[in-house]
Structures are given as C-alpha cells and as structure tokens.
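S.K.: Please see the structure below; I have some questions.
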Amino acid sequence: MKKILILITFSLILSPIKAESILYERDSYCYAQKGETALYMDVYKRVDTIQSSPCMLFLFGGGFTVGNRRDQRYIEYFEYLLSEGIVVVAIDYRLGMVGIENEPWRYPDALEYSIKIGVEDLFDAVNYLQTHAELLNIDKEKIMVSGSSAGAIIALESDYILRNKCGNYENRPQDNFKFAGVISFSGGLYCFCENWETCSRCAPTLLFHGGKDRVVTPYSIVMFDEGFFGSTALIELFKKSDSDYYYCFYPDLGHEVSYQSMNQEQDLISEFLHQYILDN
C-alpha cells in the first residue's frame with residue numbers, strides 16, 4: 001500500500017492556490033437535539049449538482065471551548081472541496097470544556113468527556129446524512145471527515161472507534177459504516193481504548209502538523225494509563241495497521257497549521273482525495 005511521508009523543512013507556507021470560481025448554495029438543518037441544545041449543520045452544494053456526490057463532514061477548531069461552523073477561516077477550504085465536486089457539511093458539536101481555557105491537558109477527565117460527546121455528535125450527523133442522502137445528493141459510500149485542532153481530534157477518534165468497534169455509543173452508525181477518508185489539521189488521538197497500537201486498519205488519512213505546536217502536540221504524551229498521540233506518533237499506528245496515509249510536517253511552524261494548511265496545500269489535498277476517494 002502506498003504510504004507517503006512528506007517533510008516540509010522551510011518555515012513559511014507557500015502562497016495559496018485559489019479554487020475555481022463556482023456557484024454554490026448553503027442550506028441549514030437541525031440534525032440533533034441534545035436537551036435544550038439544537039445542533040445544526042450547514043450543507044454546501046454546487047448549484048449544478050445533479051447526482052450523488054462524495055461528502056466531507058467538517059468540524060471546527062477551538063480547544064473544545066469556542067468556535068463555530070461558519071468561521072470564515074474555513075470558507076476557502078470549503079470552496080476548494082466544492083470545486084472538486086464534494087458536498088461539504090459543516091456541523092455544530094457540543095463544547096465540553098467551556099470554562100477550562102488554560103492548559104486543558106491538565107484536566108484529562110474533562111478532555112475525555114469533551115471528545116466523547118464530540119464523537120457522539122459526529123455520529124448523529126453521519127446518521128442524519130445517511131437517512132437524507134438522496135435529498136442532499138450525497139453518496140453514502142463516500143462520506144469523509146475533516147477537522148481543525150479539536151475538530152481534527154474528534155475526526156481521528158471517530159474513525160478509530162468505528163474501525164475498532166470500541167467505545168459505548170448507542171448512536172453508532174449502522175451497516176458497518178466507515179469513513180472513506182480522514183483529513184486532520186493539527187489533530188491527534190486521545191486513547192481510552194485498550195491495545196490501541198494493535199488497531200484495525202484505519203481509513204486513508206492525511207495529516208498536517210507543525211513541529212512547534214504548543215496547543216496540540218504532534219508527539220505523544222503518556223500519563224498513567226492514558227495518552228494523547230499527535231500526528232507524528234500516529235504514523236507508527238498507521239504503519240502497524242498497514243493503513244494508507246500522507247503526512248505533511250512543518251518543523252518550524254506552530255498551531256497556525258491547523259487553518260493555514262487547508263487553504264495553502266490544496267495540491268496535496270487534491271492528490272490525496274483523488275488517489276483514495278474521488279477516483280476509486
């Protein structure tokens with residue numbers, strides 16, 4: 001299986017490549033109700049979409065404390081995906097660490113809870129898309145997930161949980177659903193499943209990370225029986241499970257990679273999407 005490790009050794013990211021000019025529409029839907037909290041998704045579709053298309057679910061970043069699905073930093077990325085014929089679905093998810101804004105890694109129970117409810121919300125969004133796939137012009141066999149920072153953690157965690165059938169989620173997608181691909185911008189895997197290093201094969205994954213990221217480490221942090229494994233540590237997991245991956249690493253950059261790279265590495269993203277999803 002093809003596995004590509006890309007090391008970017010310069011400190012400045014190249015100028016962005018603009019997506020072609022396209023016309024698209026955005027519709028909003030309430031996909032879940034959690035107590036008094038209504039969770040919405042924005043569905044971006046090209047106006048010329050006439051058949052079922054691949055879909056990219058997207059989760060915003062913000063340290064599980066802030067953020068929203070309409071953050072303007074992500075719009076160019078959405079437009080690029082639309083230019084590739086992909087329906088984009090940006091979702092709300094519950095923020096479990098509101099009020100814990102300084103060194104959240106010091107609160108592992110709160111972090112684990114935040115990830116778990118984020119995964120639960122993502123699964124609700126997947127179920128909604130599967131139920132309404134025809135209405136939304138979505139190909140149920142080509143649903144991908146992408147996220148920035150906290151959103152990338154939820155994305156990677158969800159794929160791991162689905163592939164390894166772990167975690168206690170009553171709303172787990174049915175019919176052996178698996179994500180067709182994962183794109184992570186400064187994410188990682190917070191392990192609370194046993195034997196994570198012997199996991200099943202993961203979805204094809206594209207990872208972006210900065211070597212000087214002080215918000216989400218690209219390396220690993222292990223304390224007692226729990227650990228967080230950033231992008232660099234995940235490479236070992238992918239090798240052991242014979243998973244397909246691309247890794248784009250910027251030694252001299254920090255957490256800005258979580259939003260800059262989605263707009264400034266579109267050639268690489270396109271190569272990944274076409275190799276594993278769009279042309280498959």
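S.K.: For a test of the definition: using alpha carbon positions, the gyration tensor, and the 1.5 limit on a/c, classify the range 64-186 as rounded, prolate or oblate.
M.R.: Details: a/c = 2.06, a/b = 1.28, b/c = 1.62.
The shape class here is oblate.
S.K.: If I model a spin label at LYS165 and LYS240 as a point 7 Å from the Cα along the Cα→Cβ vector, what separation in nanometres do I get?
M.R.: 2.0
S.K.: Here is a follow-up. If I take R0 = 22 Å and measure r between the Cβ atoms of GLU36 and ASP71 in this structure, what FRET efficiency does the formula 1/(1 + (r/R0)^6) give, to the nearest 0.05? Walk me through the intermediate numbers first.
M.R.: Working: r = 24 Å, r/R0 = 1.07.
With a Förster radius of 22 Å, E is 0.40.
S.K.: Specify whether the C-alpha gyration tensor of the range 127-215 places it in the rounded, prolate or oblate class, a ≥ b ≥ c being the square roots of the eigenvalues: rounded for a/c under 1.5, otherwise prolate if a/b is larger than b/c and oblate if not.
M.R.: Numbers: a/c = 2.15, a/b = 1.36, b/c = 1.58.
Note, shape of the range 127-215 comes out oblate.
S.K.: Sorting TYR113, TYR259 by accessible area (1.4 Å probe), largest first, what list results? All intermediate terms of the calculation are to be shown ahead of the outcome.
M.R.: On the way: TYR113 125, TYR259 75 Å².
Largest accessible area first, the list is TYR113, TYR259.
S.K.: With r as the distance between the Cβ atoms of SER200 and ASP175 and R0 = 25 Å, compute the FRET efficiency 1/(1 + (r/R0)^6) and round to 0.05.
M.R.: Working: r = 17 Å, r/R0 = 0.68.
Working from the Cβ atoms, E equals 0.90.
S.K.: For the range 25-119, with equal point scatterers placed on the C-alpha atoms only and solvent neglected, what are the log10 I(q)/I(0) values from the Debye formula at q = 0.15, 0.23, 0.25 1/Å, to two decimals?
M.R.: Debye curve over Cα of the range 25-119, log10 I(q)/I(0) at q = 0.15, 0.23, 0.25 Å⁻¹: -0.67, -1.15, -1.26.
S.K.: With the calculation restricted to Cα positions, what are the radius of gyration and Dmax of the chain in angstrom?
M.R.: In order Rg, Dmax, the Cα atoms of the chain give 17.3, 53 Å.
S.K.: Subtracting the Cα-Cα distance from 0.36 nm times the residue separation, let me have the gained length for ASP27 to ILE221 in nm, one decimal.
M.R.: Numbers: separation 194, 0.36 × 194 = 69.84 nm, distance 4.02 nm.
Taking ASP27 through ILE221 to full extension adds about 65.8 nm, to one decimal.
S.K.: Can I ask one more? What Rg and what Dmax come out for the range 19-78 when only alpha-carbon atoms are used, in angstroms?
M.R.: 13.6, 41
S.K.: Report relative contact order for the chain in percent, whole number only (criteria: Cα-Cα under 8 Å, sequence separation at least 6).
M.R.: Numbers: 587 pairs, mean separation 60.8, N = 280.
Computed over the chain, the figure is 22 percent.
S.K.: For the range 130-280, rounded, prolate or oblate, judged on the Cα gyration tensor with a ≥ b ≥ c (square roots of eigenvalues), a/c < 1.5 rounded, else prolate if a/b > b/c?
M.R.: Details: a/c = 1.76, a/b = 1.15, b/c = 1.53.
Cα axes put the range 130-280 in the oblate bin.
S.K.: Name the residue, out of GLU141, GLU236, GLU256, whose mean-square fluctuation peaks in a Gaussian network model built on the chain with Cα pairs under 10 Å.
M.R.: Greatest mean-square fluctuation among the candidates belongs to GLU236.
S.K.: May I pose another question? Can you tell me the accessible area per residue over the chain, all protein chains present, probe 1.4 angstrom, in square angstrom? Walk me through the numbers before you get to the answer.
M.R.: Details: 12540 Å² over 280 residues.
Result: 45 Å² of accessible area for each residue.
The values are calculated or read from the model by the stated rules, or taken from the named source; none is laboratory data. What you see is a predicted model; the values in this text were computed from it and never measured. No Cβ is skipped: glycine too gets one built from the backbone with ideal geometry, and neighbour counts run over all protein chains shown. Areas reflect the complete protein model, heavy atoms only, side chains present, ligands, DNA and RNA absent. Shrake-Rupley method; radii C 1.70, N 1.55, O 1.52, S 1.80 Å.
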